[in-house]
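Here the structure is laid out as structure tokens; the discussion comes afterwards.
The values are calculated or read from the model by the stated rules, or taken from the named source; none is laboratory data. Note that the structure is predicted; figures quoted are calculated from it, not measured. Here the Cβ positions follow ideal geometry from the backbone for every residue, glycine too, while neighbour counts run over all protein chains shown. Areas reflect the complete protein model, heavy atoms only, side chains present, ligands, DNA and RNA absent. Shrake-Rupley method; radii C 1.70, N 1.55, O 1.52, S 1.80 Å.
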Amino acid sequence: MNMVESEKMVKLRDPEYPVGSQLFDVRYYSHPSECFEVVLFNALTKKLEVYYEEPFIDIWFVKNEFKNEYISNYDGMPIQASQIPKEHLYPVKCKPSQICKVIAENVRDDKWCSEYTEYYERNCRSLKYAVLKKHMCTCPWVLKADFTEDVYYRLRWLEKNGRNADISNVTYALLDIECDVLDKTINMRDIYDVSQPVNAATLILPSEKICSVFILGPRPKYKLHSRFHDLLEKQDKDFEWLISHQEEFERMIVEDDKDNRQYLEGYEIRLHIFEFDREIDLIKTIFDYINKYRPWFCMSWNAKFDHNYLMNRITRLGYSPYDIIIPKEFKTNKLYYYEDTNGNADFSSSKDWFYTSTYTQYVCQQRQYAAIRKSQQKPRSLSLNYTGREVAGIVKLSDKREGTFREWAYLDLLIFILYNVRDVVVQLAIENKVGDTRSVYSRSYMFATQYSKLFQETHIVRNEREVFYEKDGYIQANRLQIPPDIDSHYKGAFVAPTEKNAPTGYILNGKKINNVIFGASDADAASYYPSSKMGTNQDPMTLLYKLKINNEVFTNGTCSNKSLNQSYVWIDSEGDPHPEDIGGYMVNSWKNKNYMSVGFNFFNLPSITNCFKYLDANL
């Protein structure tokens with residue numbers, strides 16, 4: 001598809017959504033049919049709805065008449081500019097699956113880059129598409145071709161509908177499950193260990209004023225070793241009382257607990273009780289609630305356990321999690337958990353994510369809380385009990401009976417269930433105080449970034465930068481190719497703790513915050529994305545001149561270094577070594593007119609003190 005064909009191509013009619021609708025999420029699917037799956041808050045139905053659109057995107061090419069402006073005087077080859085004015089470019093509309101083909105067709109007759117056409121024709125049938133695309137997108141004449149696919153849709157939405165997100169429509173659910181571990185413990189580190197039944201769960205839906213409690217009946221005797229039968233008899237009695245005193249137990253949840261009452265007063269308490277052999281119905285009912293009321297987020301404090309356990313337990317029981325978790329309105333069937341296996345990653349930087357074809361985003365409230373506050377002082381603990389006490393002044397229920405937690409559901413079933421309910425009330429209290437779901441939604445919307453990548457700064461920076469570039473009439477390059485002999489790292493500087501800032505910044509959830517302040521920016525060059533450094537002349541590739549000294553002349557004694565900078569190697573955050581920039585220190589001292597210091601430190605000249613001593617001795 002060339003420029004002329006692109007301009008003649010019929011533009012698909014944009015679907016008309018009700019005025020006031022909000023984009024919540026968009027996902028790209030290459031199969032079974034290529035599409036954008038768009039989840040919107042529908043202004044008429046007042047809930048999330050799913051729609052499917054043709055996945056057309058825009059990639060850009062340098063016009064022939066402007067190519068000479070981007071040719072290197074050094075070797076006569078194209079330079080990969082970090083951004084180019086729109087008037088120097090032409091757009092091509094295509095689907096993500098067509099990017100490689102479109103690049104090949106648009107550079108076929110180019111005297112500099114026709115090799116990309118040859119590469120495509122030679123490898124298009126043998127290479128994986130991701131590998132093929134990675135190489136094709138290194139072509140210097142193509143721009144904006146390697147974004148994550150959903151970003152194109154998000155950018156168009158922001159351009160058409162503006163960047164102000166109405167956070168008042170955000171809803172969420174809070175979930176916690178318990179498992180019967182009397183006769184076998186669960187390996188919490190293994191997301192596939194789902195050997196024990198889910199015996200209790202609580203789901204709170206604040207927008208609906210509903211608190212649903214799910215209770216599984218006692219096990220049959222033959223499923224437990226005889227040494228546990230006395231405990232089982234005690235549980236049977238508690239369960240029979242619960243069946244016949246449900247209204248009284250509902251009062252125990254709210255009216256008899258002042259802490260719970262503070263948050264659940266006015267809520268409808270719903271008890272769902274299941275026989276032991278209908279555990280699958282308990283799990284299905286949880287997801288039926290979520291899919292019926294469609295909260296924007298469903299949060300568990302340790303979601304890596306809760307969400308995985310429910311999904312994999314369905315399979316263990318002989319059913320399909322796709323049939324139970326994915327709403328019937330969805331035409332796709334994405335359902336898997338990505339586990340970040342990087343053992344060195346900080347908890348707040350973990351990339352764990354539950355990918356689902358659902359209205360609701362399933363997120364870990366604990367990790368979300370940590371990630372949002374990553375730049376602040378690290379809390380002493382991220383446990384639910386500690387966070388609840390520090391943030392909202394509420395704690396979990398404690399086990400006051402003798403014995404272990406694994407026996408609690410048998411020693412006192414009622415208190416065990418109340419314990420589960422309280423955990424979710426603590427979650428609710430924390431969210432009421434901090435409003436993290438609203439923060440997460442507004443970040444995703446404004447930064448045109450999918451939720452799973454929301455705390456990966458490189459994605460946020462690149463997507464946000466495209467918004468401003470296009471507003472100013474520029475298109476951003478593909479990921480810049482950094483030559484292997486160029487060191488684009490910067491040594492970090494001292495950073496003061498942000499929690500010491502006064503709360504003088506923007507207003508979030510009704511109060512001023514201390515880390516987003518008008519007229520101030522955090523410009524830590526060490527954390528800049530490499531293309532940002534290049535695009536703003538802060539990278540070695542774009543320097544006009546630089547004093548570069550081989551540090552071996554100091555370490556082997558050839559040259560003198562009497563300065564305070566006696567270290568010749570620095571280590572970056574990933575543990576990689578880089579040569580210390582001694583030349584930079586020298587130039588900075590000279591620029592600041594510290595001529596005598598430069599002479600003394602690096603040229604073996606006498607210091608100012610020694611000069612005065614010489615003068616005193618000889619005058």
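Run the numbers for C124 and H31: contour at 0.36 nm per residue of separation, minus the present Cα-Cα distance, in nm. Don't skip to the end; give the middle numbers.
Numbers: separation 93, 0.36 × 93 = 33.48 nm, distance 1.84 nm.
Value of the extension gain: 31.6 nm.
Can you pull the accessible area of T504 for me, 1.4 Å probe, Å² to the nearest 10?
Per-residue accessible area (T504): approximately 90 Å².
Label T555 and F603 with points 7 Å out from Cα along Cα→Cβ: what is the distance between them in nm?
2.7 nm
Could you tell me which of rounded, prolate or oblate describes the range 218-290, using a ≥ b ≥ c as the square roots of the eigenvalues of the alpha-carbon gyration tensor, with rounded for a/c under 1.5 and, failing that, prolate when a/b is larger than b/c and oblate otherwise?
Taking the square roots of the gyration eigenvalues as a ≥ b ≥ c, the range 218-290 is oblate.
Hey, rough spin-label estimate for Q246 and D616, points 7 angstrom out along Cα→Cβ, what's it come to in nanometres?
Here the modelled spin labels are 9.6 nm apart.
Where does the charge balance sit around H245 when Lys and Arg score +1, Asp and Glu -1, over other residues with C-beta under 11 Å from its C-beta? Each step should come with its number before you reach the end.
Working: positive: R251; negative: D238, E240, E247, E248, E250.
Its environment carries a net charge of -4.
Take the Cβ-Cβ distance between I186 and K331 as r, set R0 to 45 Å, and report the resulting FRET efficiency rounded to the nearest 0.05. Write out the running numbers ahead of the final one.
On the way: r = 35 Å, r/R0 = 0.78.
After rounding, the FRET efficiency stands at 0.80.
Compute, for the chain, the length of the dipole vector about the Cα centre, with Cβ point charges of +1 (Lys, Arg) and -1 (Asp, Glu) only. Units Debye, rounded to 20. Working shown, then result.
Details: 78 positive and 85 negative charges, 219 e Å.
Dipole about the Cα centre, nearest 20: 1060 debye.
Identify, among Y267, L232, V391, the residue whose Cα sits farthest towards the positive end of the charge dipole of the chain, taking +1 on the Cβ of Lys and Arg and -1 on the Cβ of Asp and Glu, with the dipole about the Cα centre.
V391
Got a number for carbon plus sulfur as a percent of the chain's accessible area, 1.4 Å probe? Please list the in-between numbers first.
Details: 16770 of 32930 Å².
That fraction is 51 percent.
In percent, how large is the relative contact order of the chain, given Cα pairs closer than 8 Å and 6 or more residues apart?
Numbers: 871 pairs, mean separation 80.6, N = 619.
After rounding, I find 13 percent.
Residues with beta-carbon under 12 Å from that of D176, excluding D176: net charge, scoring Lys, Arg +1 and Asp, Glu -1?
Values: positive: K396, R422; negative: E178, D306, D423.
Every neighbour counted, the sum reads -1.
Order the peptides 238-250, 415-427 from the highest to the lowest mean number of other Cβ atoms within 10 Å of their residues. Write out the running numbers ahead of the final one.
Numbers: 238-250: 14.1, 415-427: 24.2.
Order by mean packing, descending: 415-427, 238-250.
Based on the Cβ-Cβ distance of E574 and H272, what FRET efficiency does E = 1/(1 + (r/R0)^6) give at R0 = 51 Å, to the nearest 0.05?
On the way: r = 49 Å, r/R0 = 0.96.
That pair, E574 with H272, gives E of 0.55.
Considering Cα pairs under 8 angstrom that are at least six residues apart, work out the relative contact order of the range 279-434 and quote it in whole percent.
Details: 166 pairs, mean separation 34.0, N = 156.
Relative contact order of the range 279-434: 22 percent.
On a C-alpha basis, how far is the centre of the range 97-166 from the centre of the range 597-616 in Å? Whole number, if you could?
Taking the Cα centre of the range 597-616 as reference, the centre of the range 97-166 is 60 Å away.
What residues qualify as long-range amide H neighbours of Y172, i.e. H under 5 Å apart, gap of 5 or more or another chain, H built at 1.01 Å from N?
Result for Y172 returns S207, W296, F297.
Which of A145, Q22, M596 sits closest to the plus end of the dipole of the chain, meaning its Cα is farthest towards the positive end, when Lys and Arg get +1 and Asp and Glu get -1 on the C-beta?
M596
Compute the distance in nm between two label points, each set 7 Å from the Cα along the Cα-to-Cβ direction, one at R389 and one at E65.
Modelled inter-label distance: 7.3 nm.
Tell me, what is the percent relative contact order of the range 126-273, built from C-alpha pairs under 8 Å that lie six or more residues apart? Walk me through the intermediate numbers first.
Working: 120 pairs, mean separation 27.5, N = 148.
Worked out over the range 126-273, it gives 19 percent.
Could you rank W570, W590 by how accessible they are, 1.4 Å probe, largest area first? It would help to have the intermediate numbers written out before the result.
Values: W570 25, W590 140 Å².
Highest to lowest solvent-accessible surface, that is W590, W570.
How much length is gained on full extension from W590 to S72, taking 0.36 nm per residue of separation minus their Cα-Cα distance? Provide the component values of the computation, followed by the final result.
Working: separation 518, 0.36 × 518 = 186.48 nm, distance 3.24 nm.
Computed gain between W590 and S72 is 183.2 nm.
Tell me, what is the per residue accessible area of the chain in Å², probe radius 1.4 Å? Write down the numbers at each step before the final one.
Numbers: 32930 Å² over 619 residues.
Roughly 53 Å² per residue, with all protein chains present.
How many percent of DSSP beta bridges within the chain run antiparallel, rounded to 5? Intermediate values should be presented prior to the final figure.
Numbers: 48 of 62 bridges.
Here the share of antiparallel DSSP bridges comes out near 75 percent.
Could you order Y192, Y568 by accessible surface area, starting with the largest, using a probe radius of 1.4 Å?
The most accessible residue leads, giving Y192, Y568.
Would you give the gap between the C-alpha center of the range 20-76 and the C-alpha center of the range 406-452, rounded to a whole Å?
Rounded to whole Å, the Cα centres lie 33 Å apart.
Would you mind telling me the antiparallel percentage of the DSSP bridges in the range 275-425, rounded to 5? Mind showing how you got there, number by number?
Values: 4 of 8 bridges.
Taking every DSSP beta bridge with both residues in the range 275-425, the antiparallel ones total about 50 percent.
Take the alpha carbon gyration tensor of the range 119-216, find the square roots of its eigenvalues, order them as a ≥ b ≥ c, and report rounded if a/c is under 1.5; if not, report prolate when a/b exceeds b/c, else oblate.
Working: a/c = 5.49, a/b = 1.63, b/c = 3.37.
Because a/c hits 1.5 or more and a/b fails to exceed b/c, the range 119-216 counts as oblate.
Any chance you could run the full-extension gain for D281 through I507? It's 0.36 nm times the residue separation minus the Cα-Cα distance, nm to one decimal.
Working: separation 226, 0.36 × 226 = 81.36 nm, distance 4.44 nm.
Taking D281 through I507 to full extension adds about 76.9 nm, to one decimal.
Estimate the FRET efficiency between I79 and N342 by the formula 1/(1 + (r/R0)^6), using the beta-carbon distance for r and 35 Å for R0, to the nearest 0.05.
Details: r = 35 Å, r/R0 = 1.00.
It comes out at approximately 0.50.
As I understand it, the value is the acute angle between the Cα axis of helix 436-446 and the longest principal axis of the Cα atoms of the chain; what does it come to in degrees, rounded to 10?
Once rounded, one gets 40 degrees.
I475's amide H: which non-local residues (gap 5+, or another chain) put their own amide H closer than 5 Å, with H modeled 1.01 Å from N in plane and none for Pro or chain starts?
When sequence neighbours closer than 5 places are left aside, the close amide H contacts are I84, K86.
Please list the non-local residues whose amide H lies under 5 Å from the amide H of I71, H modeled 1.01 Å from N, same-chain partners needing a gap of 5 or more.
I79
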